[in-house]
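Colleague: Right, I'll just put the structure down here and ask away after.
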Amino acid sequence: MSEINHPKYRPDIDGLRAIAILLVVGFHAFPSTITGGYIGVDIFFVISGYLISSILFQSLNNNQFSILDFYSRRIRRIFPALIMVLVSCLFFGWYALTPYEFSQLGKNTGAGTAFISNFVFWREVGYFDIDSQKKILLHLWSLAIEEQFYIVWPMLLWMCHRFKWNFLAVTLLALFSSFILNVISISHDRVSVFYHPGTRFWELLIGAMLAYVSLEYRELFARLPKKFPDLSSILGLILVALGVILLKEDSEFPGWWALLPTLGAVLILASGDNSFVNRKLLKSRILIYIGLISYPLYLWHWPLLSFLRIIEGSEVPAMLRAIAIGIAFIFSVLTYFLVEGPIRRRKNSRPLVIVFLLTAMCLVGFLGLFVYKEQGFPERNSVAESFRKNNWSYGWRNHGCQPEFLKVSSDCIANSSAAPEIVIIGDSHTQGLFLHLAKLLPKQSIMRFGVYLPLFDVTVVLEPGDIPMRDRASDVLLFAIKEESVGAIIIGFRGVMNLMGTDFKNGSQTEKRERVLRGNNDLNKFDSEEVLKVSMDRTMRRLSQSNKKVIFILDNPELGFNPEECLEIRPLHFTKFSTKKPCAVPRAHYELRNKEYRELVFSILKRYPKITPLDMQEKFCDSLWCYATKNDMVLYMDGNHLSNDGSNFLAKELIKLIN
């Protein structure tokens, strides 16, 4: 096996790595201060594309390219620190996480070992998503994109070399295709553009293009004015600084904005190691040292911050976040010198090292998927015991249903009849209701359809990213109306969220709009509020004409806080913890938030007396408070979804109306 030659080491590139990782870590720890720090990831992409492509171009030109040697080097570079971080997260997660949290960690561990985290997190974004700051392995999305690039790119370059294609033409074609796809898609599907490799590869390719030009057109660089390197490095630093200052968390990124960090990084790299910025700033010892540990620091810092936010349950003090970053630095130094360094320096037993690392990575991935399959091991002690005691989990979903009904709904339980007798149509707020209604009515067959908004002719559009959710509400409603076996139809959804488009936190609605409604067919000319009004009226009219029992649930109150704040469930806290008392939201806050929606609903239901309302306000609230607990039961699993106990309570109220 021929050895791949590495280009000459440039300490200034480690300095640029340090700038990138400090920006990323600073943004994650202090997002309101370093608002554009996330562009550090884009700088990493450019550096990676430049360095790895320099190696590939050089080895191909010297006829020394070996795909086995290339991937063995990637494995020795990437796997050791990643394995250590993943195992550490699983170990601590067993002790500190709830079953659901631990289950999600297991799933994301499996995705991380397969380098498909970007696709997994892309699929999770939206209505059913959890707080991104509590996704312990969220940061692995960028590592996944990078490794996906290096599955494709070396083989493409080898084909160029083998069939005498033009390297530069192929690189430019791939670069511009990816960049144009990014730009044209960013306005209507921001989330996909963020996570999809096809809209991110251009950032690595711009580094690859610089590598090719630097190698093949050296004389061109030699003829540039003497001041070019200094001016190039200064302009590059200015572009990066503008990105940090101008970009915010809600900016349409990447899109055109990503040119600031990527072109800035290209200009700095192109200026050489003796240019002004590179010589005076990037070659400083402290930045070089941080650059050397930048990879393990990237891996360690986010899980530490994420675990901290999960354990504290509320806003983490700045001092604690700073301490977490300090610990991340310590772990990174230890990982670099005790794990990464020794493995990368071993030359005599490289095949054995590769086999060991591949085996270890597979075992960690299988362990993560096993945790996910076992639903986070709810029989664990500590946190899991607290959740089991408070009955905060969902149970079985499908049982005894004929295949034709499983094709139309993923939630189906057949009891005395093979065909559905009760149909529940709604968003995630009806999931627990379905399970407990089935348990309380063991002689009836029940089917649930999960839809974003159970109304005719409406599409829910999630923000940010302007993502239209492909919904089947109209088809589902028609099925329930026409299916002869169905005697009762239950409609439920988070109505105020769809009307206002905003969430509810800490006693008031958020400023940031998270969803809008678009009318389909003849409703496409209306705004979001009018769409809800007209489509709800249309749906209630058609349901009332169905001659079936129809129950409309006015949803349970939103809490605006996590019920964890009312319980001592974590094994440790880093700040003084006191449970929230009362475990409730003031009724005045709830009524202010829901006034417009409730007036809309009752004005429509007044026209359709056959529709039976179930008003959860009176079930959960007294004159002063709307409660998250009742008779020592935890009624909520988060700020708006009911727990098993809450769903069971709701199901009992529904049975009174069904009967």
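Colleague: Among the residues of the range 636-659, count how many are farther than 27 Å from Q545 by Cα and free of Cβ contacts under 8 Å to residues at least 40 places away in the same chain.
Modeller: Looking only at that region, the number is 1.
Colleague: Exactly one condition in (1) under 30 Å from P296 (Cβ atoms); (2) at pLDDT below 75; (3) of a type in the set (D, E, K, R) is not met by E404; state its number.
Modeller: It fails just one condition, (1).
Colleague: Does any residue in the range 66-82 that is among the acidic types (D, E) and at pLDDT below 95 come within less than 6 Å, Cβ to Cβ, of a residue that is surrounded by fewer than 18 Cβ atoms within 10 Å (Cβ to Cβ) and not in a helix (DSSP H, G or I) six or more places away or on a different chain, and which pairs are these?
Modeller: Once the first residue is among the acidic types (D, E) and at pLDDT below 95 and sits in the range 66-82, its partners that are surrounded by fewer than 18 Cβ atoms within 10 Å (Cβ to Cβ) and not in a helix (DSSP H, G or I) give D69/M1.
Colleague: State which residue is surrounded by the fewest Cβ atoms within 10 Å (Cβ to Cβ) when the search covers only the range 638-650 and only residues that are hydrophobic (A, V, I, L, M, F, W, C) and within 19 Å of G495 (Cα to Cα).
Modeller: Among those residues, the one meeting the criterion is L650.
Colleague: Let me ask something additional. Could you tell me whether S32 is part of a loop (DSSP other than H, G, I, E, B), within 29 Å of L247 (Cα to Cα) and either of a type in the set (S, T, N, Q) or open to solvent by 10 Å² or more (accessible area, probe 1.4 Å) (or both)?
Modeller: Yes; evaluated as a whole, the condition is true for this residue.
Colleague: Within the range 289-301, is there a residue that is touching an Asp or Glu at 6+ places or on another chain (Cβ under 7 Å), open to solvent by 20 Å² or more (accessible area, probe 1.4 Å) and aliphatic (A, V, I, L, M)?
Modeller: yes
Colleague: Which residue pairs have Cβ atoms closer than 7 Å, lie 6 or more positions apart in sequence or on different chains, and pair a first residue in the range 114-133 that is modelled with pLDDT of 70 or more and of a type in the set (G, A, S) with a second residue that is crowded, with 17+ Cβ neighbours inside 10 Å and not in a helix (DSSP H, G or I)?
Modeller: If the second residue must be crowded, with 17+ Cβ neighbours inside 10 Å and not in a helix (DSSP H, G or I), the pairs left are S117/L137; S132/L138.
Colleague: For A318, indicate whether it is open to solvent by 10 Å² or more (accessible area, probe 1.4 Å) and either of a type in the set (F, W, Y) or closer than 29 Å to L567 by Cβ (or both).
Modeller: Considered against the rule, which asks whether it is open to solvent by 10 Å² or more (accessible area, probe 1.4 Å) and either of a type in the set (F, W, Y) or closer than 29 Å to L567 by Cβ (or both), A318 comes out as yes.
Colleague: Additional query: What number goes with the only condition from (1) part of a loop (DSSP other than H, G, I, E, B); (2) closer than 26 Å to N498 by Cα; (3) out of contact with any strand residue (DSSP E or B) (no Cβ under 8 Å at 6 or more places or on another chain) that E564 does not pass?
Modeller: Looking at each condition in turn, E564 falls short on (1).
Colleague: Suppose the filter is open to solvent by 40 Å² or more (accessible area, probe 1.4 Å) and under 29 Å from the mean Cα position of the chain (by Cα); does E340 pass it?
Modeller: So E340 does not fit the description; no.
Colleague: Just checking, does the range 644-652 include any residue being more than 17 Å from F552 (Cβ to Cβ), in a helix (DSSP H, G or I) and of a type in the set (A, V, I, L, M)?
Modeller: no
Colleague: Still on this structure: Do we find a residue being closer than 19 Å to I43 by Cα, in contact with a helix residue (DSSP H, G or I) (Cβ under 8 Å, 6 or more places away or on another chain), open to solvent by less than 70 Å² (accessible area, probe 1.4 Å) and touching a residue at least 12 places away in the same chain (Cβ under 8 Å) anywhere in the range 215-228?
Modeller: Checking the range 215-228: not a single residue is closer than 19 Å to I43 by Cα, in contact with a helix residue (DSSP H, G or I) (Cβ under 8 Å, 6 or more places away or on another chain), open to solvent by less than 70 Å² (accessible area, probe 1.4 Å) and touching a residue at least 12 places away in the same chain (Cβ under 8 Å).
Colleague: A further question on this structure: Please state which of the following conditions A588 fails to meet, knowing it meets all the rest: (1) open to solvent by 20 Å² or more (accessible area, probe 1.4 Å); (2) over 25 Å from L441 (Cβ atoms); (3) touching a residue at least 40 places away in the same chain (Cβ under 8 Å).
Modeller: If we test A588 against (1) open to solvent by 20 Å² or more (accessible area, probe 1.4 Å); (2) over 25 Å from L441 (Cβ atoms); (3) touching a residue at least 40 places away in the same chain (Cβ under 8 Å), just (3) comes out false.
Colleague: Next up: Kindly indicate whether any position in the range 177-199 is among the basic types (K, R), closer than 19 Å to P261 by Cβ and assigned to a helix (DSSP H, G or I).
Modeller: Yes, the range 177-199 contains a residue that is among the basic types (K, R), closer than 19 Å to P261 by Cβ and assigned to a helix (DSSP H, G or I).
The values are calculated or read from the model by the stated rules, or taken from the named source; none is laboratory data. Not measured: the values here are computed from a predicted model. All Cβ positions, even for glycine, are placed from backbone atoms using ideal geometry, and neighbour counts span all protein chains on display. Areas reflect the complete protein model, heavy atoms only, side chains present, ligands, DNA and RNA absent. Shrake-Rupley method; radii C 1.70, N 1.55, O 1.52, S 1.80 Å.
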